[in-house]
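Scroll down for the structure; my scribbles are underneath it.
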Amino acid sequence: MDDTRENTPVAITPGVAPIEISQEMRRSYLNYAMSVIVTRALPDIRDGLKPVHRRILYAMHKLGLHHTARFSKSAKVVGEVLGKYHPHGDVPVYDSLVRMAQTFSMRYPLILGQGNFGSIDGDSPAAMRYTEVKLTKISQELVSDIDKETVDWTDNFDATLKEPLFLPAAVPNLLLMGAEGIAVGMATRIPPHNLTEVVDAILYMIDNAKAPEPDQSSIFTYQAPRLYDLSFDPQLEGISPSEEEVPGQAVACAATLDDLMKFVTGPDFPTGAHIFGLEDIKQAYATGRGKIMVRGVMEEETIGKREAIIIKEIPYQTNKANLIAKIADLVRDKKIVGISDLRDESDKDGIRVVIELKKDAAYNKVLNNLFKHTELQSSYPVNMVALIGNIPQTVSLQTILEEYLKHRIEVVKRRSIFELKAAKRRAHILEGLLKALDHIDQIIDIIKKSRDENVAREQLMAQFGFSILQTQAILDMQLKRLTGLERGKLEEELKALQETINFLHGILTDVFLMLGEIKKQLLENQKSYTEMLEGLKVFKNRPGEISSEQLIEDKQVIVTLTNEGYIKTVPLDTFK
């Protein structure tokens with residue numbers, strides 16, 4: 001059959017190209033998926049933040065809401081984020097802000113809140129118009145040195161402002177705060193950790209860093225900055241491109257997972273609880289995936305003449321109110337017997353849920369039933385997925401620490417270049433001022449006889465060889481600088497600047513000196529925040545499944561078997 005449709009011309013609208021709908025759907029969906037993955041759901045491995053959290057912290061930093069400043073309304077912060085950086089709704093922005101202020105959600109809260117920010121019982125926070133916020137001290141470590149050309153910038157949603165692609169992050173935030181997110185086709189769930197433990201692991205890597213052996217692979221190669229980059233004014237210093245070549249320094253570290261786990265023994269949840277199964281933790285750290293068993297912490301207490309189970313800590317992300325309601329339902333349905341009273345005595349000092357037992361109840365039997373039937377024992381699923389160069393990857397503990405170390409090296413490198421340029425600039429000006437003091441009478445005479453500032457500037461540059469910077473500093477110099485005391489101050493400042501310049505040159509050309517500088521800052525941060533909370537207890541072995549036998553009270557009984565085949569158990573105390 002002659003099908004003439006193949007030869008039928010297709011009308012094409014000018015400027016519009018025809019495309020197969022299946023191809024367009026595939027392309028559009030992939031673009032959408034990558035947008036959700038990169039710009040919304042997954043954290044960057046360098047600073048451990050999703051874009052919304054990064055924008056909130058940066059906006060608060062720009063507003064001056066530091067930990068020493070006053071509180072400001074949450075609505076003001078949300079408005080600032082929405083108006084300048086985040087092209088989404090106000091509800092997700094406020095929800096993200098609230099979570100960063102919740103002590104039961106964040107191991108080290110990044111925001112200090114004033115007002116109702118919800119509770120561990122699942123209570124909703126107050127509206128943003130009623131709450132106030134400012135940055136905590138540790139969150140300022142994430143934005144420190146951001147004004148020293150340490151990060152990359154990109155246009156905001158309407159290209160009217162710049163926003164950071166990542167933060168300098170002087171603390172390893174991804175492991176400290178953890179992360180959760182659901183993207184298209186992938187998700188992440190990284191548990192929070194203890195700062196002291198994580199920093200100790202990084203310090204171990206730094207202490208064991210060295211040039212690689214012939215048969216050893218390097219973690220990375222450090223490329224020292226060119227001399228051209230170290231000049232505050234290349235034309236002034238006359239550095240030619242031929243002097244720019246600097247060989248890279250390869251860095252290797254023999255730290256194995258077992259070495260790192262001597263320090264990072266496991267996650268550290270803000271709500272406490274005990275962690276079981278060292279092998280499970282090791283698997284999660286090695287592969288980026290796994291499950292970790294968590295149990296609440298209970299204490300035995302005598303109230304009056306009866307025993308009581310006191311719940312002091314509960315597993316991470318467990319709703320306390322729902323947990324208590326679940327226990328009450330189990331008692332009502334007689335799935336747990338032996339409980340006479342249940343009440344919540346929690347207050348600002350911590351969790352305290354009292355479970356009073358009946359006179360004849362067995363403590364261990366009730367406890368095992370609680371573990372078996374409630375969230376007092378649960379598994380935390382670990383799925384460590386993060387962005388490395390905008391590419392989502394499942395990462396191990398070693399990878400996270402190595403990537404963070406590479407990030408900090410780059411930040412310190414860029415910060416040092418910025419500070420070196422500033423120091424050279426200031427030293428250059430001081431040299432001009434000291435030279436001017438040696439010829440002060442001639443200089444004053446030139447300035448007095450000049451028609452205007454431009455003429456004076458040209459004559460000073462022509463007669464004494466001053467640069468534009470030096471000349472302007474001389475013209476701006478106050479008369480008090482002519483005293484001998486002021487000259488001594490200038491000489492002392494210049495001497496200190498020369499020491500700074502030499503130091504910065506040293507760490508910029510030697511990666512191992514730079515690692516020492518990173519170690520110094522990490523130790524300072526560790527000292528500042530160690531006292532916040534101790535790490536959780538991690539037990540080597542899992543407690544195992546709770547068997548039916550463990551739910552039976554351990555007591556002496558008499559077993560009776562009748563002629564008709566019936567069997568019955570009677571407590572031995574019955575015959576007393």
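Picking from residues in the stretch 189-209 that are open to solvent by 10 Å² or more (accessible area, probe 1.4 Å) and assigned to a strand (DSSP E or B), the one that is nearest to residue 54 (Cα to Cα) is 189.
For (1) at pLDDT below 90; (2) touching a helix residue (DSSP H, G or I) at 6+ places or on another chain (Cβ under 7 Å), each residue gets a yes or a no:
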{"residue": "443", "(1), (2)": "yes, yes"}
{"residue": "446", "(1), (2)": "yes, yes"}
{"residue": "452", "(1), (2)": "yes, no"}
{"residue": "476", "(1), (2)": "yes, no"}
{"residue": "493", "(1), (2)": "no, yes"}
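With respect to being assigned to a strand (DSSP E or B) and more than 23 Å from residue 32 (Cβ to Cβ), residue 221 fits the description. Across the stretch 254-264, the number of residues qualifying as open to solvent by 10 Å² or more (accessible area, probe 1.4 Å) and within 19 Å of the chain's Cα centre (by Cα) comes to 1.
Those residues that are surrounded by fewer than 16 Cβ atoms within 10 Å (Cβ to Cβ) and more than 39 Å from the chain's Cα centre (by Cα), I need them from the stretch 305-336; list them, please. The answer is 305, 306, 329, 332, 333, 334, 335. Of all residues in the stretch 19-44, those that are under 34 Å from the mean Cα position of the chain (by Cα) and among the charged types (D, E, K, R) total 3.
Can we say residue 420 is touching a Leu at 6+ places or on another chain (Cβ under 9 Å) and closer than 13 Å to residue 473 by Cα?
no
Residues of the stretch 162-187 that are open to solvent by 20 Å² or more (accessible area, probe 1.4 Å), in a loop (DSSP other than H, G, I, E, B) and closer than 25 Å to residue 289 by Cβ: 184, 185, 186. A single member of 342, 367 is out of contact with any Gly (no Cβ under 8 Å at 6 or more places or on another chain), modelled with pLDDT of 90 or more and assigned to a strand (DSSP E or B), and it is 342. Quick check on this structure: which one of 387, 401, 370, 397 is open to solvent by less than 10 Å² (accessible area, probe 1.4 Å) and more than 30 Å from residue 260 (Cβ to Cβ)? Within the list 387, 401, 370, 397, the selection yields 370. Would a scan of the stretch 142-161 turn up a residue that is farther than 23 Å from residue 410 by Cβ, surrounded by fewer than 18 Cβ atoms within 10 Å (Cβ to Cβ) and of a type in the set (Lys, Arg)? No, the conditions are met nowhere in the stretch 142-161. Filtered by the rule that a residue be surrounded by fewer than 21 Cβ atoms within 10 Å (Cβ to Cβ) and within 19 Å of residue 319 (Cα to Cα), the stretch 375-384 gives 375, 377, 378, 379, 380, 381. For the stretch 43-57, filtered to residues that are among the aliphatic types (A, V, I, L, M) and touching a residue at least 60 places away in the same chain (Cβ under 8 Å), the residue that is surrounded by the fewest Cβ atoms within 10 Å (Cβ to Cβ) is 45.
In the stretch 399-513, counting only helices (runs of 4 or more DSSP H) that sit wholly within it, the ones holding 1 or more residues that are within 38 Å of the chain's Cα centre (by Cα) and in contact (Cβ under 8 Å) with a residue 24 or more places away in the chain span 484-509.
Regarding residue 219, is this residue surrounded by 14 or more Cβ atoms within 10 Å (Cβ to Cβ) and either touching a Cys at 6+ places or on another chain (Cβ under 6 Å) or closer than 29 Å to residue 289 by Cα (or both)? Yes. Only residues that are closer than 21 Å to residue 158 by Cβ, open to solvent by 40 Å² or more (accessible area, probe 1.4 Å) and not in a helix (DSSP H, G or I) were counted across the stretch 73-97, and they come to 2. The set of residues in the stretch 345-360 that are open to solvent by 70 Å² or more (accessible area, probe 1.4 Å) and part of a strand (DSSP E or B) contains only 347. Name every residue in the stretch 58-71 that is in contact (Cβ under 8 Å) with a residue 24 or more places away in the chain and more than 15 Å from the chain's Cα centre (by Cα), in order of residue number. Correct list: 59, 60, 61, 65, 66, 67, 69, 70, 71.
Residues in the stretch 506-557 that are open to solvent by less than 60 Å² (accessible area, probe 1.4 Å), modelled with pLDDT under 70 and more than 20 Å from residue 138 (Cα to Cα): 7 in all. Of everything listed in (1) more than 17 Å from the chain's Cα centre (by Cα); (2) touching a residue at least 24 places away in the same chain (Cβ under 8 Å), the single unmet condition for residue 383 is (1). Just one of the listed residues (191, 214) is without any contact (Cβ under 8 Å) to a residue 24 or more places away in the chain and over 13 Å from residue 522 (Cβ atoms), and it is 214. Taken together, the residues in the stretch 282-304 that are open to solvent by 40 Å² or more (accessible area, probe 1.4 Å), among the aliphatic types (A, V, I, L, M) and touching a strand residue (DSSP E or B) at 6+ places or on another chain (Cβ under 7 Å) amount to 1.
The values are calculated or read from the model by the stated rules, or taken from the named source; none is laboratory data. Only a predicted model underlies this, so the values are computations on that prediction, with no experimental measurement involved. Ideal geometry is used to build each Cβ from the backbone, glycine not excepted, and the neighbour counts take in all protein chains shown. For the accessible areas, the whole protein counts, side chains as well, though only heavy atoms, and no ligand, DNA or RNA atoms are used. Shrake-Rupley method; radii C 1.70, N 1.55, O 1.52, S 1.80 Å.
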